[in-house]
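Worksheet: the structure to be examined is printed underneath.
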Amino acid sequence: MTDTPTQLFIGGAWVDAADGATMPVDDPATGEILCHVADAGAKDAQRAEEAAVRAQEEWARTAPRVRSEILRRAYEIIVERTDELAHLMTAEMGKPLAEARGEVAYAAEFFRWFSEEAVRIEGGNGVLPDGRNRMLLSRRPVGPCLLITPWNFPLAMGTRKIGPAIAAGCTMILKPAPQTPLSSLALAAILKEAGLPDGVLNVVTTSRAGEVCEPLLRGGRIRKLSFTGSTNVGRLLLAQSAEAVVRTSMELGGNAPFIVFEDADLDKAVDGAMVAKMRNMGEACTAANRFFVHSSVVEEFGRRLAERMGALVVGPGTRDGVDVGPLIDRTGRGKVEELVADAVERGARVLVGGRTPEGPGCFYPPTVLTDVAPDSRLMDTEIFGPVAAILTFDDEVEVIRRANDTPWGLVGYVFTEGLDRALRVSERLEVGMVGLNTGLVSNPAAPFGGVKQSGLGREGGRVGIEEFLEYQYLAVPVR
Ligand code: NAP
């Protein structure tokens, strides 16, 4: 913690905000201020843009093997410093240390994966159908990028964007969420140590997101926006990107259905539910938001899930044996409280949890609600907390219709032992990813992303680097 940088990272140097502004970083487990970091304004954004634009040409010409090896070294440093990074993340974000260690491994893996992809960027060639011209296809980096990340996975959301951008030969400005700037600053220090040239990555921490990002998007020099966050902010940034026709990748919100059929293995379904709901205290875009459980098994599923949820230990993420840390802040917790109160008012029964504990910190207990009315607000709002809302269904066609009845389409979970049904239902769900008898889909080697208002483009997998590459087609006459 004491060695973690707290200044902006621009052109390879650590600098204060031009107007000297700083902002506090809070510990959500205590509400106390951990430290202050630089709070960038428009002038700093301009400096970062200049650094990224200046570094672009040379970086694009740098050998893919060199880019690959920088990522590989950074991967190794991250793994070596797992404990230190996990403590930092738990301090600023709240997740239990075991989960923070898991995120460090997940985050590092994006660097390893894209270090391997950096040297596999392929073009193509051939004679065109009319026989008169040859086609030579080459790939080139899209150019300077703006990367905007949320607070819920402070390290992995950064590496998932920085990894492919470095591999493709793009320079970038990273704007992390103001609640969790320290993990991004630590990451910048690691990349510098791994040999990343000055100006390739610039980090601006700020509480003035609009002032920093809008001029960058409208200015015409930033060629790519990669955003992870809520659908509302994504929509606004898409509009701002339209003016200078900036390419965009959007990883937005979710409203995941979790469907348990009558032929499901309930052990698997309850295990899957614990992961899909409780990973990151429910503060994940992939979190199961609506549990649809067949009427013949709903009682047993609800009872078993409530038992498991009730046994989880809530407390500060640094304490041994804690399973559930605090939510990110009072606003986040307030939203969860309101959604639960609304569901209860509309007839939901609380099987476990549901009461905010006294005392400091933003804690909320694991909660299971059953008999949730379909018009409850949490049916079309991301809960972003440890609350499982159970509804009942009787028929496959009906449950697919209800699962798809939402503007979002990030991920869905299906639990059944029937192969035909598993494939049929998965294919009919309007989502970018399906967890079939599993509650965890995220993996750096798989394309992560959603359909409908959950986003545009994919991160990770073989396609992740495509988001940062352009094609150039050369027409050459056949003589
Ligand atoms: P958010 O409010 O949309 O914020 C995300 C990021 O955007 C933050 O850095 C935020 O900074 C910034 N931002 C907000 N307004 C901006 C503006 N006008 N110009 C530029 N930047 C702006 O989302 P969040 O509450 O941090 O994160 C939770 C959301 O992220 C959920 O909806 C979740 O589903 C989604 N998410 C999606 C994925 C995915 O891969 N699909 C992964 C993780 C999270 P400020 O806070 O300073 O405004």
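Among the residues making up segment 256-279, a single one is surrounded by fewer than 24 Cβ atoms within 10 Å (Cβ to Cβ) and within 13 Å of the ligand (Cβ to nearest atom): ARG279.
If you check ARG221, ARG303, ARG319, ARG247 for being outside the structural domain of ASP375 (by TED's automatic domain parsing), over 27 Å from MET433 (Cβ atoms) and more than 13 Å from the ligand (Cβ to nearest atom), only one passes: ARG221. For segment 445-466, the tally of residues that are more than 13 Å from the ligand (Cβ to nearest atom), in contact (Cβ under 8 Å) with a residue 12 or more places away in the chain and touching a Gly at 6+ places or on another chain (Cβ under 9 Å) stands at 3.
Exactly one residue out of ALA168, ALA194, ALA156 is under 19 Å from the mean Cα position of the chain (by Cα) and either away from the ligand (no atom under 16 Å from the Cβ) or within 23 Å of ILE465 (Cβ to Cβ) (or both): that is ALA156. Scanning segment 452-465 for residues that are open to solvent by 50 Å² or more (accessible area, probe 1.4 Å) and outside any loop (DSSP other than H, G, I, E, B) turns up LYS452, LEU456. ALA74 fulfils the conditions (1) touching a residue at least 12 places away in the same chain (Cβ under 8 Å); (2) under 17 Å from ALA284 (Cβ atoms) except for a single criterion, (2).
Kindly indicate which of ALA264, ALA269 is assigned to a helix (DSSP H, G or I) and either among the hydrophobic types (A, V, I, L, M, F, W, C) or in contact (Cβ under 8 Å) with a residue 60 or more places away in the chain (or both). Show your work before the answer.
Values: ALA264 fails: assigned to a helix (DSSP H, G or I).
Of the residues listed, the single one that is assigned to a helix (DSSP H, G or I) and either among the hydrophobic types (A, V, I, L, M, F, W, C) or in contact (Cβ under 8 Å) with a residue 60 or more places away in the chain (or both) is ALA269.
Being under 24 Å from PHE111 (Cβ atoms) and either hydroxyl-bearing (Ser, Thr, Tyr) or touching an Asp or Glu at 6+ places or on another chain (Cβ under 6 Å) (or both) holds for only one residue in THR22, THR30, THR62, and it is THR62.
In segment 199-216, how many are over 17 Å from PRO178 (Cα atoms) and surrounded by fewer than 22 Cβ atoms within 10 Å (Cβ to Cβ)?
Total meeting the criteria: 1.
Set side by side, the residues THR286, THR228, THR206 differ, and just one is within 28 Å of GLU103 (Cβ to Cβ), in the same structural domain as VAL368 (by TED's automatic domain parsing), near the ligand (Cβ under 10 Å from one of its atoms) and β-branched (Val, Ile, Thr), which is THR286.
The values are calculated or read from the model by the stated rules, or taken from the named source; none is laboratory data. Computed from a predicted model, the values in this text were never measured in an experiment. A quick note on method: Cβ atoms are made from the backbone with ideal geometry, for glycine too, and the neighbour counts reach across all protein chains shown. Surface areas here come from the heavy atoms of the whole protein model, side chains and all, with no ligands, DNA or RNA. Shrake-Rupley method; radii C 1.70, N 1.55, O 1.52, S 1.80 Å.
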